[in-house]
Amino acid sequence: MEEVIAKIITIENGFKEIENIAKKIVKNNDSKKCYYLSIYLYRSEYYQVRELAVFILGFISVTISEALLFLKDNVSKDENWRVQEILAKSFDYYCSEVGYEKGSSCYKRMA
């Protein structure tokens, strides 16, 4: 993981590479492990590492409700606009998986 972190903190523009790394992590690990890893990663001072955490949380939010709550309760307060962009993408992913009507009503209840 240290190699991954060292690589992504050098990324200044774009998010596709970080998104692809998150997809690989989710594909190769069970959801609970991904959840705990993302909570750990989110504590980083580097916005790129927090972006990785948010992507992972978004991908697992369909199966782990705690991930969705973490996005709402913690990530929504992140001051970095790039992290907020990934939060929006993560919520969009959640809605695309559960259906936009259900996803939107879930979001409204949490807001």
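Every number here is computed from the coordinates shown, using simple stated rules; none is lab data. The structure presented is a predicted model; accordingly, all values stated were derived computationally and were not measured. When we count neighbours, we look across all protein chains shown, and the Cβ atoms used for this are built from the backbone with ideal geometry, even at glycine.
Hey, what did the chain get for relative contact order, percent, Cα under 8 Å, at least 6 apart?
22
What is the count of Lys pairs in the chain whose alpha carbons sit under 19 Å apart, if the two are 8 or more places apart or on different chains?
Summing the qualifying lysine pairs gives 21.
Picking from 28, 80, 20, which is most flexible by a Gaussian network model of the chain using Cα springs under 10 Å?
Judging by the Gaussian network model, the answer is 28.
Of the listed peptides 42-48, 32-38, 53-59, 10-16, what is their order by residue-averaged count of other C-beta atoms within 10 Å, with the highest listed first?
Descending packing order for the listed peptides: 53-59, 32-38, 42-48, 10-16.
Order these by the 10 Å Cβ neighbour count, fewest first: 62, 83.
62, 83
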